[in-house]
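Heads up, the thing below is written out as structure tokens.
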Amino acid sequence: MKFKSTRGGIAGIGFVDSVLMGLADDGGLLVPESIPQVDAGTLKKWQELSYPELALEVFSLYVGDEIPRADLKELVDSSYGTFRDEAVTPVKRIRPDLAVLELFHGPTFAFKDIALQFLGQLYAYISRKTGSVIHILGATSGDTGASAIEGVRGKEGIRICILHPHGKVSEVQELQMTTVDDANVLNLAVEGTFDDCQRIIKELFADVDFKRSYHLRAINSINIARILAQTVYYFYAALQLAKEGEQSAPNFSVPTGNFGDIFAGYLAGRMGLPIGKLILATNENNILESFVQEGVYQPGEFRSTYSPSMDIQVASNFERFLFYLYEEDAEATSSLMATLKTDGRIVIPADKRAAVQNTFAAYGVKNAECLEAIRACHESTGYLLDPHTACGVAASEKLASEGELTVTLATAHPAKFDESIRLVGIGQTYPEPIAALFEKSRHVTRVDGSTEAIKSELLRFF
């Protein structure tokens, strides 16, 4: 398997080099040169696999012989061996027409653990095998930072710096990042929004000389390994439901701000997994809803919401979907991204908009609707949603047809967002690992939102 850039300047590189490159050197995002196909017979066999076994099969399609299968199996087993549920991502039916795919049983109680536990193990493996130094740089709207840090903290040959927007993540999210005191971890609280943090990351990775000189590696979902790891739980959920007797392809309702999680579902569908609707659930930062419904992608005014991990205006994985929407035309993709930079928006023609709507439905959930979804679900089923998952449920209520089964991705444990849960009048008990965070000291540096300020901190750290 080889990988190429959405902008056409990079092609023919292997899996490991793609992981190390992160953002393509031409400024694009890396995608497989061809999407592997999984037939119905293989899907039937995969129904019997455990989550780690399934992950090994999916990863093998993209890794090929670059990593020996025994080594890859060890990486996968180490990545998911610490999850609190044996199923790793259990599917729980809470109504005849609604199931939740619980993605929060990893060490930081968020779906980002699924990909970042694997990516952390992979980076450590590469560092050991090559004797190379790996400097990881990432931005977070809340969950990526803690998951990435947990994946590599204390590992020899690796240093990690995470940017988060000061005052714009939940208290638990901040504590999970900033109470880590390992010497190879640097937390920077940036004045600004997540979009500012993400812009700085892309600017630093686009400086190819700086990236190469300081061995910068990506942990955000611009890294293709993140996307590949996230496709696995779509396969797992659909196959478990089929094994239990579900006859039709389920819808998936996906809370997303950066387009990475739902793009993984899109990729799983392109690989051959039967999927009904892909429901794109956003909050009041609803740029993606506007794109699906109107064909206009235009960042707007940032809004703080009860689902802060989706408080994003510029979706970093959107370019990957544009590339496939335009039938893998790198020139067209480059032109569209250039237009976004110069004009501040992308407008697609009616035929492309129809193609988007054949794949996605989208709904931007208002703050009040989010809280109401938490309250109503708890009252009727006893199941407590975190506010991001609540957006997924609210969107499915609007967009799924009667009688269709929808799987909503439960992206975080509700304890990570107790501020929002309390607004509904629901009390909860923190899991012990989260409760213990409040007794720890914090390690964080506050910086202004300029690329030069971040670069100065990195030069001191690396």
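Every number here is computed from the coordinates shown, using simple stated rules; none is lab data. As the structure is a prediction and not an experimental result, all values here were calculated from the model. Here the Cβ is made from the backbone with ideal geometry for all residues, glycine too, and neighbour counts use every protein chain on show.
Multiply the residue gap between ASP343 and ALA87 by 0.36 nm, knock off their C-alpha separation, and tell me the result in nm, one decimal place.
Using 0.36 nm per residue and subtracting the Cα-Cα distance, I get 87.5 nm.
Below 25 Å, Cα to Cα, which lysines can LYS440 reach? Residues fewer than 8 away in the same chain don't count.
LYS112, LYS155, LYS168, LYS416
Could you give the nm distance between label points at LYS352 and PHE461, where each point is 7 Å from its Cα heading toward the beta carbon?
Using points 7 Å along Cα→Cβ, the separation is 3.6 nm.
Do the sum for the chain: with -39,500 (n - 2.57) for every DSSP H run of n ≥ 4, divided by all residues, what is the mean residue ellipticity at 222 nm, to the nearest 500 deg cm²/dmol?
Values: 20 runs with 216 residues, N = 462.
Estimated from H runs of four or more residues: -14000 deg cm²/dmol.
How long is the gain from ALA40 to GLU402 if the chain were fully straight, where each residue apart is worth 0.36 nm and the alpha carbon distance is subtracted?
Computed gain between ALA40 and GLU402 is 127.6 nm.
Under unit Cβ charges (Lys, Arg +1; Asp, Glu -1), what dipole magnitude, rounded to 20 debye, does region 108-199 have relative to its Cα centre?
Details: 8 positive and 11 negative charges, 95 e Å.
Dipole magnitude for region 108-199 comes out near 460 debye.
Calculate the translational D of region 344-385 in whole µm² s⁻¹ from Stokes-Einstein, where the hydrodynamic radius comes from the Kirkwood formula applied to all Cα pairs, the temperature is 4 °C and the viscosity 1.567 mPa s.
98
With each label point set 7 Å from Cα along the Cα-Cβ vector, what nm distance links ALA453 and ARG128?
3.9
Relative to the Cα centre, what is the charge dipole magnitude of region 198-247, using +1 at the beta carbon of each Lys and Arg, -1 at the beta carbon of each Asp and Glu, and rounding to the nearest 20 debye?
Dipole size: approximately 200 debye.
For LYS44, give me every one of the aspartates and glutamates with a C-alpha distance below 15 angstrom, ignoring sequence neighbours fewer than eight places off in its own chain.
GLU53, GLU57, GLU244, GLU246
In debye, nearest 20: dipole of the chain around its Cα centre with unit charges on the Cβ of K, R (+) and D, E (-)?
On the way: 43 positive and 60 negative charges, 90 e Å.
The calculated dipole for the chain is roughly 440 debye.
Would you work out the relative contact order for region 299-456, in percent, from Cα pairs under 8 angstrom that are 6 or more residues apart?
16
Enumerate the residues in region 121-159 having an amide nitrogen under 19 Å from the point lying 7 Å beyond the Cα of GLU171 toward its Cβ.
Of the residues in region 121-159, 142-143, 146 have backbone N under 19 Å from the label point off GLU171.
Using label points projected 7 Å from each Cα along Cα→Cβ, tell me how many nm separate ASP329 and SER213, to one decimal.
3.9
Contact order normalised by length for the chain, with contacts defined as Cα pairs under 8 Å and 6 or more residues apart; what percent is it?
RCO, the chain: 19 percent.
Which of the peptides 164-177, 236-249, 318-331 is most tightly packed, and how do the rest follow, going by the mean number of other Cβ atoms within 10 Å of each residue?
With the highest mean Cβ count within 10 Å placed first, the list reads 164-177, 318-331, 236-249.
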